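Have a look at the structure below, then the notes.
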């Protein structure tokens, strides 16, 4: 037994390979030959797919191989779980999120990914591709064409059918110890080598070591009953249990946890009763067992686990199948609890399902989350449909995440902003499911509109502009109820604001004007105030700062009359300050920043506070205090980096580059400008195409280029252009362990030669 899956890969911290591979909670058993073969395939091929029936261990093997190979990929190993989505259009967003690519442009996700990965040496693990085969094949082919050092490892019940694909067909676990394969094959030649008698003989009391299948049974049995061991009395029975379930790892695990209350002989008897229904005449004639039959045996084993569950466990299993991603106890209660299953009993039921290997506990011990394997989830979904509760469970899930979104929106203006950013990031898959359920089987587009509009803080504050825009436009198109209503007007100003941030000004203005007109008709003064505010933003980045200031002032007056105070309102103060600074009224800009900053400090607001710091830094530099400007810009950058807010990241980097150029650090300034240039590609139009926002960039370029000369400036700019987002931030903060401005060895040699 080996604990391979316990090898994790860091999530973009310092030290060790980068990536997001999970740290295994159970040991990785066997598969020595397959692991070696997969390693060889990855070393020689750029697209490898592990195929096999459900429950055979494709994901486990892929993760173990990826962890072993992590050191070969300087830019990391990233796992993308695809079972959470059914819409192929979401595939690009899912991959981007996994590799921590925050994109806010209007470009198609695949185009953004190809640009991002073009110079990366990375291993991408696409897990569970079978329901998105065509989309996965297209994704793989496009990414591999664009990124010569990218390698893709996929898992699927069938191959992708992509160009250059190599496959490893994963068979069930061996029923014999590898050292005995030859002798066992001779001894079992009368029953095809995999029959029950052959398995029993291979696991006789004289065997020096158990087979891989038995090894897995022992590991999982010991996890629930530490004193369990293989003995001469139970060795043959354990081997026969593994044989009856065809050596399928998931089925072995489900059977093994039964040693808590049964002997191996009793487990075998119960399995025999259920598999008798699968007995076919051709089996007697010596026909081999095919993939379909193996899958049926797995489902029968899952069904047996279902029968052995209590009524409350079966009900929870069915209802929990609506979650495509990991979920917490609170979400489980929201979906499961009713008069049949009291809310205070749900946590204990979850623990029992974990003990029976029907749920996996993931995440930190203090805040556990749970996830269901796809095969288990599929069985639960079928049972849920048979109970006639599928729609009710879907509605409960949707309602829970609508409530969560509303709570998050309220809490966003407060000290727990960072906590809500983290929480909504964890819930991203389930949020998507809630929207898709509303647009699909529930056919409640108006509620979907409410949900996606309420999530403005997540789309904007957490850097998901492109995905947020897609959902907002879809729901606005799908909503057909007569009358606008507050959900419609809110969705309009949110999508308008997103388009402003993307630099898509004509469309943004059309959405905001539409919102304002509808709000007037509906008497929705709040939506009208937001529309006026965001029209001011469009004017600001369109270099009409006088018009912008007028609109911001009007919006603030409307907010005041409504008693509205939140992060958006604070941003109106900040944006008015920016307009004042662009107009040369630095004293007013600073006063507005001080007022906005005081409100942020009073309420514990951090996201808007970062922008207060940016405008204050801009004012400080303009007034001739670059050291103060740099200090404020660095504080702004730290906050916005935590939120993955690209605009809030790239603006202070541009300002820090100017500070560096002003201090004579021309190489550092040029490199920072290059790093900012790469970030702008994932935001939209660089510096919004604005003369005023671009003034700092232009001044920095002039200073650095004059000091270095155009050739050297471009050399350092290109070095900055080569770093990723996290390295760019570290470089700007002076915290990079591998500064992007460090000359390459050749440049150092040339410098020494010239001395």
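The values are calculated or read from the model by the stated rules, or taken from the named source; none is laboratory data. Remember, it's a predicted structure, so these values are computed and weren't measured experimentally. Glycine gets a Cβ as well: all are built from the backbone with ideal geometry, and neighbour counts include every protein chain shown.
Could you tell me whether residue 312 is at pLDDT 80 or above, in contact with a strand residue (DSSP E or B) (Cβ under 6 Å, 6 or more places away or on another chain) and part of a helix (DSSP H, G or I)? Against the criterion (at pLDDT 80 or above, in contact with a strand residue (DSSP E or B) (Cβ under 6 Å, 6 or more places away or on another chain) and part of a helix (DSSP H, G or I)), residue 312 qualifies.
Can you tell me how many residues in the stretch 93-110 are in contact with a strand residue (DSSP E or B) (Cβ under 7 Å, 6 or more places away or on another chain) and in contact (Cβ under 8 Å) with a residue 40 or more places away in the chain? Even if it seems obvious, please write down each step before you answer.
At the first step, the residues of the stretch 93-110 found to be in contact with a strand residue (DSSP E or B) (Cβ under 7 Å, 6 or more places away or on another chain) are 94-95, 98-99.
In the following step, the residues that additionally are in contact (Cβ under 8 Å) with a residue 40 or more places away in the chain were identified as 95, 98.
Selection size over the stretch 93-110: 2.
Among the residues making up the stretch 147-161, those that are modelled with pLDDT of 95 or more and surrounded by fewer than 18 Cβ atoms within 10 Å (Cβ to Cβ) are 148, 149.
Against the test of being more than 21 Å from residue 96 (Cβ to Cβ) and at pLDDT below 85, the options 13, 24 yield a single qualifying residue, 24. Is it the case that some residue within the stretch 535-548 is within 30 Å of the chain's Cα centre (by Cα) and not in a helix (DSSP H, G or I)? For the stretch 535-548, residues within 30 Å of the chain's Cα centre (by Cα) and not in a helix (DSSP H, G or I): absent.
Within the stretch 45-57, residues that are outside the structural domain of residue 145 (by TED's automatic domain parsing) and under 11 Å from residue 130 (Cβ atoms) have Cβ atoms under 8 Å from residues that are surrounded by fewer than 23 Cβ atoms within 10 Å (Cβ to Cβ) and at pLDDT 95 or above in no pair, counting only partners at least 6 apart in sequence or on another chain.
Anything in the stretch 69-96 that is surrounded by fewer than 22 Cβ atoms within 10 Å (Cβ to Cβ) and under 13 Å from residue 18 (Cα atoms)? List them, or say none. The answer is 69, 70, 71, 72, 74, 75, 79.
Could you tell me whether the stretch 431-450 includes any residue that is within 23 Å of residue 504 (Cα to Cα) and either part of a helix (DSSP H, G or I) or at pLDDT below 95 (or both)?
Yes, some residue in the stretch 431-450 is within 23 Å of residue 504 (Cα to Cα) and either part of a helix (DSSP H, G or I) or at pLDDT below 95 (or both).
Scanning for something part of a helix (DSSP H, G or I), outside the structural domain of residue 97 (by TED's automatic domain parsing) and over 28 Å from residue 607 (Cβ atoms), does the stretch 722-733 turn up at least one residue? No, the stretch 722-733 contains no residue that is part of a helix (DSSP H, G or I), outside the structural domain of residue 97 (by TED's automatic domain parsing) and over 28 Å from residue 607 (Cβ atoms).
Which residue, of 113, 124, 38, 61, is within 30 Å of residue 497 (Cβ to Cβ), touching a residue at least 24 places away in the same chain (Cβ under 8 Å) and buried (at least 22 other Cβ atoms within 10 Å of the Cβ)?
113
Can you confirm whether the stretch 703-723 contains a residue that is surrounded by fewer than 19 Cβ atoms within 10 Å (Cβ to Cβ) and either touching a strand residue (DSSP E or B) at 6+ places or on another chain (Cβ under 8 Å) or modelled with pLDDT under 90 (or both)? Yes - at least one qualifying residue is present in the stretch 703-723. Counting residues in the stretch 238-253 that are over 25 Å from residue 376 (Cα atoms) and either modelled with pLDDT under 90 or more than 37 Å from the chain's Cα centre (by Cα) (or both) gives zero.
Yes/no matrix, rows are residues, columns are (1) outside any helix (DSSP H, G or I); (2) surrounded by 24 or more Cβ atoms within 10 Å (Cβ to Cβ):
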| site | (1), (2) |
| --- | --- |
| 500 | no, yes |
| 503 | yes, no |
| 513 | no, no |
| 520 | no, no |
| 530 | no, yes |
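Residue 730 meets each of the listed conditions (1) within 31 Å of the chain's Cα centre (by Cα); (2) crowded, with 18+ Cβ neighbours inside 10 Å; (3) farther than 30 Å from residue 585 by Cα; (4) touching a residue at least 12 places away in the same chain (Cβ under 8 Å) apart from (4). What about residue 260, is it at pLDDT 85 or above, surrounded by fewer than 19 Cβ atoms within 10 Å (Cβ to Cβ) and not assigned by TED's automatic domain parsing to the domain that holds residue 53? Yes, satisfied.
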